[in-house]
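Since the structure comes first, as structure tokens, the remarks are kept for the end.
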């Protein structure tokens, strides 16, 4: 996953009140996870890229929310689909870019129908490069 930041990142020890990674300006780094419909992936990716956000991780996931799955008919027989297939997009960004990332995902992934998905935002505690063991700024 590539970090979408306008400046360098300091290690967690530079942020006195939190273990979270902070940028040079003391801004907390966020992890944005968006669960969206498959057919919206390219639109979201292109819109984020247009906003200068180039790094993301994409995973195929299955789940359900309020719609609690759905039913499909195959050869005249109705089947209950408990878990709906979706795509999870993960983006790492500075707090100052957070609203742009959220707004971009909302504008491009929204259809107005039940099952459009969710966006979750968390503080990024640390990053570790597996190959070298580097942490924080050096791992990004």
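Listed by position, the strands (runs of 3 or more DSSP E) enclosed by segment 45-100 include none that has at least 2 residues that are touching a strand residue (DSSP E or B) at 6+ places or on another chain (Cβ under 7 Å), at pLDDT below 85 and under 15 Å from residue 120 (Cβ atoms).
Considering segment 102-124 alone, what residues qualify as being farther than 19 Å from residue 56 by Cβ and either in contact with a helix residue (DSSP H, G or I) (Cβ under 9 Å, 6 or more places away or on another chain) or not in a loop (DSSP other than H, G, I, E, B) (or both)?
The one that is farther than 19 Å from residue 56 by Cβ and either in contact with a helix residue (DSSP H, G or I) (Cβ under 9 Å, 6 or more places away or on another chain) or not in a loop (DSSP other than H, G, I, E, B) (or both): 111.
Here residue 36 clears all of (1) over 18 Å from residue 121 (Cβ atoms); (2) at pLDDT 95 or above except the condition numbered (1).
Does residue 99 count as touching a helix residue (DSSP H, G or I) at 6+ places or on another chain (Cβ under 8 Å) and free of Cβ contacts under 8 Å to residues at least 60 places away in the same chain? In short, no.
The values are calculated or read from the model by the stated rules, or taken from the named source; none is laboratory data. Note that this is a predicted model, so its numbers are computed, not measured. All Cβ positions, even for glycine, are placed from backbone atoms using ideal geometry, and neighbour counts span all protein chains on display.
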